[in-house]
Amino acid sequence: MKVAVRSAITALGWLVLALTAGALATRWLDTTRWHLPVVQSAFPIAGCVAVALALTALVAAAVTRRCRFAVAACVVALLPLALAAGAVRSDTIAAADSDEILMFSNMRAGGADPATLIHLVNEHHVDTLVLAEVTADGLAGLDRAGLSALLPHREGRTAYPYAGTMVLSRHPLTLRGLGVDGAGFYQPIVTVEASHSYLLHAVHTYAPIGRNTPLWREQLATLQRWRQAQPTTETIVMAGDFNASSAMPGFRGIADTMTDSLRATGAGWVRTWPNESRIPPFIQLDHILVRVPGKPSPVVASGVDQVGGTDHYAVWARLSVAPGTIGS
């Protein structure tokens, strides 16, 4: 009986390990078939399972002297451990008066709590705010709470329930395009006339669910092409709800040559979704990406904040947008 139980546990262990390894391997698969982006979204969870399996297997091996499963589990755990090591390494720079402070919030069809957003704008001294899923009523509520006085310059469009995206700033803004595509989502592109001007692309893509998945992948490809088309002599920022994480090849294509503000702080496992849900947050869908000529590391600080009335955490970043010198 004991032999049968031991065999069943061993078989179950190998099955869980194989499924975990398969989930981790999807990081390199760029396809919208088989609901793969949904599987990729669970990459952090699969990584935790892999590490837990490895630790459990090592303890079991110390008792039973059977090492084959422990060796296999440790090999599988190497990938999430290596990625975790990079995620906790800080690469920030000192603050300066010319820094630009950005914040992004998905308002969930205009339902985000205005008082909390105004508090965060004041607390972080936000210069430029990007809002997704901003409706006319949602924007009016923010203005009644004082946003129009804090960030009087604005570009983009409101729309109900999900397509509206706005850029609001202390600085004058020049609209370069609304970025609307076949999805009908507005993704305005503006020049922010700060002390050191920069090009800002607000982002909001479809979620990779059901029939929207191929369109989501094309949206990511469009954003990558836009990033690639910008001259390397210009400071660019992409901020918004990408509905994608670093476990997805489509997002990594956009983020290539860019710095993710939260990753630069060494914050580790950053989670921005879901908020106010029975499911605890487990994935970072919201990002502020930046590229500054001559500055491999343009991030001073970055973080996330909880906002009531929406399923996303807000993301903010203090960025050094002034071009540096090559080799600095």
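The values are calculated or read from the model by the stated rules, or taken from the named source; none is laboratory data. Please read these numbers as outputs of a predicted model, since none were measured by experiment. When we count neighbours, we look across all protein chains shown, and the Cβ atoms used for this are built from the backbone with ideal geometry, even at glycine.
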Next item on the list: Counting only residues that are in the same structural domain as VAL130 (by TED's automatic domain parsing) and farther than 23 Å from THR233 by Cα, give me the strands (runs of 3 or more DSSP E) lying completely in segment 254-328 with at least 2 of them.
Entry: 299-305, 314-319
Notebook entry, point to check: In segment 199-252, how many are of a type outside the set (D, E, K, R), in a helix (DSSP H, G or I) and farther than 14 Å from GLN40 by Cβ?
Noted result: 12
Check: Within the bounds of segment 75-83, is there any residue that is small (Gly, Ala, Ser) and either touching a Pro at 6+ places or on another chain (Cβ under 8 Å) or outside any strand (DSSP E or B) (or both)?
Finding: yes
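So that you can scan it fast, the table gives a plain yes or no per residue for (1) buried (at least 19 other Cβ atoms within 10 Å of the Cβ); (2) in the same structural domain as ALA314 (by TED's automatic domain parsing); (3) assigned to a strand (DSSP E or B):
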residue	(1), (2), (3)
VAL130	yes, yes, yes
VAL134	yes, yes, no
ASP137	no, yes, no
PRO161	no, yes, no
VAL167	yes, yes, yes
ARG176	no, yes, yes
TYR186	yes, yes, no
Next item on the list: Please state which one of ALA94, ALA72, ALA87 is of a type in the set (A, V, I, L, M, F, W, C) and within 26 Å of ALA322 (Cβ to Cβ).
Entry: ALA94
Check: Within segment 112-128, which residues are in a loop (DSSP other than H, G, I, E, B) and within 12 Å of ALA317 (Cα to Cα)?
Finding: HIS124, HIS125, VAL126, ASP127
